[in-house]
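The values are calculated or read from the model by the stated rules, or taken from the named source; none is laboratory data. Everything quoted here is computed from the prediction, not taken from an experiment. Note that each Cβ is placed from the backbone with ideal geometry, even for glycine, and that neighbours are counted across all protein chains shown. Just so you know, the surface numbers come from the protein's heavy atoms only, side chains and all, with ligands and any DNA or RNA stripped out. Shrake-Rupley method; radii C 1.70, N 1.55, O 1.52, S 1.80 Å.
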Amino acid sequence: MNLFASQIVDGLADGAIYASLALALVFSYRSTGIVNFAQGEMAMLSAYLVWQLMAWGMPLVPAALVSIVISFIAGALLYATIVKPLSHASLLTVVSVLIGLYLALNSLAGFLWTYTIKALPSLFPKAHLQIGSFAVSAETAGIIAVVGVVLLLLYLLFETTKVGLAMRGAASTPDSAILVGVSVPVMLLIGWGIAAALGALSGILVAPRVFLNPTMMFGVIIYAFAAATLGGFDSVIGAVVGGLLVGVVENLVGTYIPWIGPDLKIIVALILIFGTLLIKPDGLFGRRKVVRL
Amino acid sequence: MSVVVKPKLPLAVRVAAAAMLAVVFLYVIPFVIPSYLVSQFATVLAFAIAIAGINLVTGFGGAITLGHAAFVALGAYTTAILVVRYGWNPYATIPVSAALSWVAGWCLGFPALRLQGLYLALGTLVLSITVPPVLKRFDGFTGGVQGLNVGNPEAPAFLPLDDSQWIYFICLVIAALLYVVARRILSGPLRRALVGARDNQLVAAVMGVDRAKLTTATFAMSSLYAGVAGSLYAMIVGFVSPDTFNVMMSLSLFVGAVVGGITSLNGAIIGAMFIQFVPIWASDIDVSLGGLVFGGALIVTLVVIPVGIGGLGERVFIWLCTRLGWVEGARATRAGSEAMGSAQNEPA
């Protein structure tokens, strides 16, 4: 029973990381209708940036914050320089450019920091929290707490501030938003910035668990894709619920189904993605797409 | 307004072009260049076959696939397992690979119908990421991380060829055959149906194009190409291992298809040369340069020449033919343009 409970909690921690990266995907998708294939590589660069700042003598927490801010700016720049000019391009062009970006960023990390793995310290102490007879590592609890707080902040931003309202308007009905004086491009810029910052968060949280290396986000982005698909690519709630679900399911399957085991649990992501797309293509929380003929 | 121009070369030019191609492919590549390059050119031909498959499904079918290495892996492992575990003759495994990948492509074509655009790209990408772990998991059959030793097929004793020349000629024959088949598929009514369904589904449906059948069939055909490429790859390298068929191979093939020209079958060979030789040259300079060049080439190609190198070549060729008057029904076209000119001169 204890194993089961701890698998659930570990799953939630993994799920929180997937959720933050899935949210990043959702933010860029909602604002521009593009699945950013390079999101994972951007997150990987953000994690490397933390390492670099620490190598230059900055303490961990400020370094992480600086990296998140720089990632926000980089995400906004990416939108302005590459994504916005593509807004009328064909799907093939968009996908190709993002795949090109993915390949280039991956190699850039290898070029700047080599392919040997590096250790990034965890944000949390190596302690255990004792709740009754049940022990949770501080890292697991910390990840869930940090992502929870960030989600709360995002919720407040979108539901209570004017900027949040404008962003929601720009994403849902750009034409009407322009008419009431919202600068849609600026809102989309902020959307891509937030996406990159969320991605950076996921990268910084996952790096201590898998070590820093240029391919570190492979195992994360695939679950984030699954989470965003399961929840619905245009649903913020869906990304969070999807992320947590994927995290828990992936952990339970890896532990309790010996036929699959830890090596093959990546197949969970494949099954979830194809299953969702075949049975309910809009995901659990996504809005049905209606096409006018 | 675009006018379909059908080039019609004078016989002498055609003979000269054919002779030049024959000299390059039948003499220069197999007999003049160093031996280690010959087997690399065999790999180029195998990649070109897989890229031609992507041309079919992505360029003409309009379905973006980022996971073609999955089908290459299917073909390669079919050959490897039949040869190593069941003692088959390697050449006899090629039709089996082709059939198996055709069936697999048909099965994937069904969800592909429902997965429009981005979702299909995403799904195939994830499929490709899943392939190496699955191959490693069933190690009793696939040899796991160690892979399987297929061995290179030997040249028959009565031919004065070494092993790499022999496999090069096998690849050349199969590539030529599949090129002709693709040319046949992509000419006439089937091409119009494909392009119609790609560019305007509604209009195509009204004209009686069954998009469901067409997409599934295109997918099946394109994975057949990838599967045959995989079989040949296994024979060229003589060895298969799971991590060869990773997501990088899928993306490389995609890069090759775009750089060569996504709707250009002739460009497939250029794309294949690009993904075979560029990483080798680049890694001499820096390990990470290959990926940078790939990513950069993808973006630059789309910005500068969206039709790819092969597509650009074909356009230049058609332009030249028009200038030289080597066009089918040249007189009719001129008459047509005169008629159009006079129509424009009329006062509105």
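In this structure, does B:Phe317 turn out to be modelled with pLDDT of 85 or more, part of a helix (DSSP H, G or I) and open to solvent by 70 Å² or more (accessible area, probe 1.4 Å)?
Numbers: modelled with pLDDT of 85 or more: yes; part of a helix (DSSP H, G or I): yes; open to solvent by 70 Å² or more (accessible area, probe 1.4 Å): yes.
In short, yes.
I'd like the full set of residues that are more than 24 Å from A:Ser90 (Cα to Cα) and within 10 Å of chain A (Cβ to nearest Cβ), limited to the range B:238-262.
B:Asn246
Could you please tell me which pairs satisfy a Cβ distance under 6 Å, a separation of 6+ or placement on different chains, a first residue in the range A:258-275 that is facing chain B (nearest Cβ under 7 Å), and a second residue that is of a type in the set (Val, Ile, Thr)?
That search, which allows pairs on different chains as well, returns A:Ile266/B:Thr130; A:Ile267/B:Thr130; A:Ala269/A:Ile222; A:Leu270/B:Val126; A:Leu270/B:Thr130; A:Ile273/A:Thr229; A:Ile273/B:Val126.
Considering only residues of the range A:234-255 that are modelled with pLDDT under 85 and farther than 23 Å from A:Val147 by Cα, which is nearest to the other protein chains (Cβ to nearest Cβ)?
Filtering the range A:234-255 for residues that are modelled with pLDDT under 85 and farther than 23 Å from A:Val147 by Cα, the one nearest to the other protein chains (Cβ to nearest Cβ) comes out as A:Gly254.
Taking only the range A:145-158 into account, find how many residues are without any contact (Cβ under 8 Å) to a residue 12 or more places away in the chain and over 20 Å from A:Leu189 (Cα atoms).
The total comes to 3.
With the structure loaded, tell me whether A:Lys126 is of a type in the set (Lys, Arg) and either on the phi > 0 side of the Ramachandran plot or not in a helix (DSSP H, G or I) (or both) or whether it fails that test.
Working: of a type in the set (Lys, Arg): yes; either on the phi > 0 side of the Ramachandran plot or not in a helix (DSSP H, G or I) (or both): yes.
Taking the combined requirement at face value, the residue satisfies it.
Conditions: (1) open to solvent by 10 Å² or more (accessible area, probe 1.4 Å); (2) of a type in the set (S, T, N, Q); (3) within 14 Å of another protein chain (Cβ to nearest Cβ). B:Thr124 meets all but one. Number of the miss?
Here B:Thr124 clears every test but (1).
Against the condition assigned to a helix (DSSP H, G or I) and either closer than 13 Å to A:Val236 by Cα or in contact with a Lys or Arg (Cβ under 6 Å, 6 or more places away or on another chain) (or both), how does A:Leu165 come out, does it pass? Talk me through it step by step, then tell me what you get.
Details: assigned to a helix (DSSP H, G or I): yes; either closer than 13 Å to A:Val236 by Cα or in contact with a Lys or Arg (Cβ under 6 Å, 6 or more places away or on another chain) (or both): no.
Judged against the criteria, A:Leu165 is not a match.
Which of (1) open to solvent by less than 20 Å² (accessible area, probe 1.4 Å); (2) not in a loop (DSSP other than H, G, I, E, B) does A:Met216 not meet, given it meets every other one?
(2)
Name the one entry in A:Ser87, A:Ser67 that is away from chain B (no Cβ under 11 Å), touching a residue at least 24 places away in the same chain (Cβ under 8 Å), open to solvent by 10 Å² or more (accessible area, probe 1.4 Å) and among the hydroxyl-bearing types (Ser, Thr, Tyr). Even if it seems obvious, please write down each step before you answer.
Numbers: A:Ser67 fails: open to solvent by 10 Å² or more (accessible area, probe 1.4 Å).
After applying the criteria, what remains is A:Ser87.
Return the total of residues in the range B:98-121 being modelled with pLDDT under 90 and either closer than 28 Å to B:Ser164 by Cβ or open to solvent by less than 70 Å² (accessible area, probe 1.4 Å) (or both).
11
Of all residues in the range A:108-137, count the ones that are free of Cβ contacts under 8 Å to residues at least 60 places away in the same chain and in contact with a Leu (Cβ under 6 Å, 6 or more places away or on another chain).
0
Give B:Ile299, B:Ile309 a once-over and let me know the one that is more than 12 Å from chain A (Cβ to nearest Cβ) and open to solvent by 40 Å² or more (accessible area, probe 1.4 Å). Give the derivation first.
Working: B:Ile299 fails: more than 12 Å from chain A (Cβ to nearest Cβ).
Residue meeting the stated conditions: B:Ile309.
Looking at the range A:159-178 only, could you name the residues that are hydrophobic (A, V, I, L, M, F, W, C) and either in contact (Cβ under 8 Å) with a residue 12 or more places away in the chain or closer than 20 Å to A:Ser87 by Cα (or both)? Full working, then the answer.
Kept after step one, since they are hydrophobic (A, V, I, L, M, F, W, C), are these residues of the range A:159-178: A:163, A:165-167, A:170-171, A:177-178.
Correct list: A:Val163, A:Ala166, A:Met167, A:Ala170, A:Ala171, A:Ala177, A:Ile178.
Within the range B:127-149, count every residue that is at negative phi and within 11 Å of another protein chain (Cβ to nearest Cβ).
14
As an exercise: evaluate A:Thr116 against (1) under 27 Å from A:Met44 (Cα atoms); (2) more than 14 Å from chain B (Cβ to nearest Cβ); (3) among the hydroxyl-bearing types (Ser, Thr, Tyr) and give the number of the one condition it does not meet.
Going through (1) under 27 Å from A:Met44 (Cα atoms); (2) more than 14 Å from chain B (Cβ to nearest Cβ); (3) among the hydroxyl-bearing types (Ser, Thr, Tyr) one by one, A:Thr116 breaks only (2).
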